[in-house]
Every structure is written in C-alpha cells, then in structure tokens.
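This report refers to the structure that appears directly beneath it.
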Amino acid sequence: MKLTLIAGARPNFMKIAPVLRAIDDFNKGNKRIEYRLVHTGQHYDQAMSDTFFKELSIPEPDINLNSGSGTQATQTAAIMTRFEEDLIAHPADFVVVVGDVNSTLACAIVAKKLHTKVVHIEGGIRSWDLRMPEEINRMVTDSITDHFFTTSELAGSNLQREGHTDDQIHFVGNTMIDTLLHLKDRFQQPSFWDELALQKSGYLLMTLHRPSNVDNLEKLSEILSAIAENNNGVPVLFPVHPRTRKQIDQLASISKDFLQVEPQGYLKFNYLAANSAGIITDSGGITEEATVMDIPCITLRANTERPETVELGTNELVGNDPAQIADAVRRLTSGNWKTGSVPPMWDGKTAPRIIETLWKIFNA
Ligand code: UD1
C-alpha cells in the first residue's frame, strides 16, 4: 500500500506526526506500507514550520512544493499546480490530507481528479460559517473524500447528512491529541520564563490570527483593550502569529500587560499552555488541547467546528464583541470557570487505529 501524506501549515504538523509514527510501528511487523511525505510549503519559516518538524520528529519531507503565501486563490492554485506534477510522477493508492487548511483542499482536489482515493483525517467537522476559508476547505474536501477519519460522533452525522455512507466514516479520535499525550513529558520551559517573571497559573496565554479578528485594525484594537481592561492585572503572554504581527506593528501602542513573544514551537507552546491560568484564542486546535489539559479557554469566535470542547471541555465561545470578551476575561481571572472532561476516543491511540483501518480498506 502506497500513501502520499500532505502537510502544509502549522496545525497540520501535529496531526500528521503520529500517523507517520504509526506507519513505522506497523512496518515492524511483516506487512508494509510505503509513504511519501509532501510538504506544500504553505508555512515555510523556522517558527511556523521547521521547528515543528524537528520537535515532532517528522522526517524530512520527500519534497517541499515551496508554494508560500498569497491570496486564497494564489496560494491554493500554487499548491495544486505543484502537487499535480508530483502526484503524476509518484502515484499513490491514497492521498491522505489532514485538517482544513488551503493545502488540505488543494491536494484533495488534485488527487481526486487524478482518480486517486482521498482520505481525510479530521473529516466532517463543521462551523457552518462560510466566511471562514477553513469551512469552505472542509466542505469541498469532504464532498470528494473517499474515507473519513473523524474526531467525534457528530462529525460522522454531518457526513451522513451530506450523503456519505457508514462504510466511509471511521470514528477514531483525534491525532492532535496523540501528539499532545506523546510529548507531554517533554514540554519545555522557554528561556524567557524567568525574564518575564512568569509563574505557574499566574498568566494567560493568548493566540490570535483569524482574519475576522486581526485584519481590521479597529477590531483588533477593540479586542486587545477589552482584554487589558478586565484581566485583574494578570499578564497575557502573547506569541504573535506573522499575520497578526503585521497588524500589531501598525497600532500606536498596546497595553504593557501583553507580553509579546515570537510564535513558539510545539514543546514550548504547550508548556506555556499547560502552566497557564487560562487561554484566550481564535484557533480551533488549541481549544482541543486546552480541553484535554483541563485549562480554561476563551474562544474569540462566534462559532466552532469543535462543539465538544464547549459541551464537554473547558472552552467557551465569546465571539469578538468587547462586552462579552470583558465579561469572560473577568470571570476567568477571578477563578470562576467550569472544569471539563475529555471527549470519547481522544486517548492518544488514534493514529494506529487509522493505519489498521486503512490497511483493511486497501486489502478488502
Ligand atoms: C493558516 C490556515 C489556518 C491555520 C493557520 C495557522 C488556511 C486558509 N488558513 O492561516 O487554518 O489556523 O494557518 O497558522 O489555510 N507567514 C509567515 N511565515 C510562514 C507562514 C505564513 O510569515 O511560515 C505569513 C505570510 O506572510 C502570510 C500570513 O502569515 O501572509 C498568513 O499565512 P497563511 O498561510 O496565508 O494563513 P494563516 O493566517 O497562517
């Protein structure tokens, strides 16, 4: 069985790493799975890509398509053009895509048009918010996917409603959590810990990068003020995403309560998450990690494709309305937050389940 695995942007790397490990373990028996790892180059710099390959022990990709940034169409088109050439030169039985980024969509389309079966890890999740490029990526990818590996029962029901059949849908859990549990004993304290006088449960950790929160300067500044005026003096450690950096640099000033640092690697970021009093984010993946680590989490989005993080986990959706943000930050920093439980099958053993299932599908 030959697989081509796609990794393109930061949140893909932690989802693909355990799958590669599961293949290596599988190959220790007398059966053999070959794979080709394609990095689309959607994320390309040290902080957004290289560090993750190193820390997650992802092998050098067989090829980097170096597609880089651009508008939605420019980026998607560059990935498609370059991946088409690669897949024609190196045919596979399955192209495996993860998550919801532009690389996921681009490579799924290319594979399907070359009559290669598409496997989507994290298929079926829906925010129903079509202003998010990720939601369009999910819907279009799933409409042409042959086999879905899902993180929740709800994702499976969404896919059934869209006409997919039970034999295509495999509820296996969450590969991102495989990575979290695999590496939790190796989380690293960043070197700025003492310099910034950080203390366990003494700071909030924040990430922001959604276009709806950061692309408009007025909105961004409103969000930052709502946080800084209601944090009860608790400092907010803020690793700044490159998209957000471009915007922050245009603001006259931001509160000193925000401790700005570079985007962090996986081991340091999750050390910071695990030791924080709470997280403020607009990422989806971080809400899953917060839930598993039982860390309070405020999500600056009006909706989520991961409702289990709210219903079972520690996450609360507050949108980007300043009054709602203020209220949530006040409650969190005064220690008034729910505790959560871990969603079913998020047990660290998802990737081996995926590989066993794919092998069965291939040999059926
Ligand atoms: C992308 C994903 C999003 C994911 C996020 C995590 C899509 C549609 N969006 O959004 O789902 O949550 O990644 O980061 O696929 N840049 C760098 N260095 C890099 C990569 C990007 O400086 O290594 C800069 C580029 O100049 C670019 C900007 O960051 O303009 C945004 O990158 P892009 O990949 O277009 O989208 P993200 O906002 O990162």
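Close contacts from the stretch 38-65, counting a first residue that is in contact (Cβ under 8 Å) with a residue 60 or more places away in the chain and within 20 Å of Met176 (Cα to Cα) and a second that is away from the ligand (no atom under 15 Å from the Cβ) and assigned to a helix (DSSP H, G or I), with Cβ to Cβ under 6 Å and a gap of 6+ residues or different chains, come to Glu55/Leu267; Leu56/Ala17.
Within the stretch 134-153, restricting attention to residues that are within 16 Å of the ligand (Cβ to nearest atom) and among the charged types (D, E, K, R), the residue that is nearest to the chain's Cα centre (by Cα) is Glu134. Any residue in the stretch 176-194 that is part of a helix (DSSP H, G or I) and within 16 Å of the ligand (Cβ to nearest atom)? Yes.
Can you name the number of the only condition in (1) polar (S, T, N, Q); (2) in a loop (DSSP other than H, G, I, E, B); (3) within 16 Å of the ligand (Cβ to nearest atom) that Ser201 fails? Only one criterion is unmet by Ser201, namely (3). A count restricted to the stretch 93-125 and to residues that are away from the ligand (no atom under 12 Å from the Cβ) and of a type in the set (D, E, K, R) stands at 4. The number of residues in the stretch 228-271 that are more than 15 Å from the ligand (Cβ to nearest atom), of a type in the set (Gly, Ala, Ser), in contact (Cβ under 8 Å) with a residue 24 or more places away in the chain and part of a loop (DSSP other than H, G, I, E, B) comes to 2.
Of all the criteria given as (1) within 12 Å of the ligand (Cβ to nearest atom); (2) part of a loop (DSSP other than H, G, I, E, B); (3) of a type in the set (S, T, N, Q), the one not satisfied by Thr51 is (2). Residues in the stretch 313-364 that are touching a Lys or Arg at 6+ places or on another chain (Cβ under 9 Å) and under 17 Å from Asn230 (Cβ atoms): 6 in all. Within the stretch 158-192, the set of residues being over 26 Å from Arg21 (Cβ atoms) and surrounded by 18 or more Cβ atoms within 10 Å (Cβ to Cβ) comprises Asn158, Leu159, His164. The residues of the stretch 79-109 that are farther than 21 Å from Gly156 by Cα and surrounded by 24 or more Cβ atoms within 10 Å (Cβ to Cβ), listed by number, are Ile79, Phe83, Asn102, Ser103, Ala106, Cys107.
So that you can scan it fast, the table gives a plain yes or no per residue for (1) under 24 Å from Arg126 (Cβ atoms); (2) touching a Ser or Thr at 6+ places or on another chain (Cβ under 7 Å):
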residue: Phe13; (1), (2): yes, no
residue: Asp62; (1), (2): no, no
residue: Val97; (1), (2): yes, yes
residue: Thr104; (1), (2): yes, yes
residue: Ala111; (1), (2): yes, no
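Conditions (1) surrounded by fewer than 21 Cβ atoms within 10 Å (Cβ to Cβ); (2) over 19 Å from Thr304 (Cβ atoms); (3) under 18 Å from the mean Cα position of the chain (by Cα), marked per residue:
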position	(1), (2), (3)
Ala111	no, yes, no
Glu122	no, no, yes
Asp129	yes, no, yes
Met132	yes, no, yes
Ala155	no, no, yes
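Residues in the stretch 158-172: is at least one closer than 27 Å to Arg301 by Cβ, within 16 Å of the ligand (Cβ to nearest atom) and in contact (Cβ under 8 Å) with a residue 12 or more places away in the chain? Checking the stretch 158-172: not a single residue is closer than 27 Å to Arg301 by Cβ, within 16 Å of the ligand (Cβ to nearest atom) and in contact (Cβ under 8 Å) with a residue 12 or more places away in the chain.
Yes/no matrix, rows are residues, columns are (1) near the ligand (Cβ under 9 Å from one of its atoms); (2) within 17 Å of Leu358 (Cα to Cα); (3) surrounded by fewer than 20 Cβ atoms within 10 Å (Cβ to Cβ); (4) among the aromatic types (Phe, Trp, Tyr):
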position	(1), (2), (3), (4)
Ala17	no, yes, no, no
Asp25	no, yes, yes, no
Ile33	no, yes, yes, no
Gln46	yes, no, yes, no
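Filtering the stretch 272-284 to residues that are farther than 19 Å from Thr244 by Cβ and in a loop (DSSP other than H, G, I, E, B) leaves Asn275, Ala277.
Could you check the stretch 68-90 and list, in sequence order, the residues that are under 13 Å from Ile6 (Cα atoms) and within 15 Å of the ligand (Cβ to nearest atom)? Within the stretch 68-90, Ile79, Met80, Phe83 meet the criteria.
Taking the criterion of being more than 21 Å from Val240 (Cβ to Cβ) and either touching a Lys or Arg at 6+ places or on another chain (Cβ under 7 Å) or part of a helix (DSSP H, G or I) (or both), the residues of the stretch 285-312 that qualify are Glu288, Thr291, Val292, Met293, Glu305, Glu308, Thr309, Val310, Glu311.
Only the coordinates and a few stated rules stand behind these numbers; no lab work does. Predicted model, so just to flag it, every value in this text is computed and none were measured. In this analysis, Cβ positions are derived from the backbone assuming ideal geometry, glycine residues included, and neighbour counts consider all displayed protein chains.
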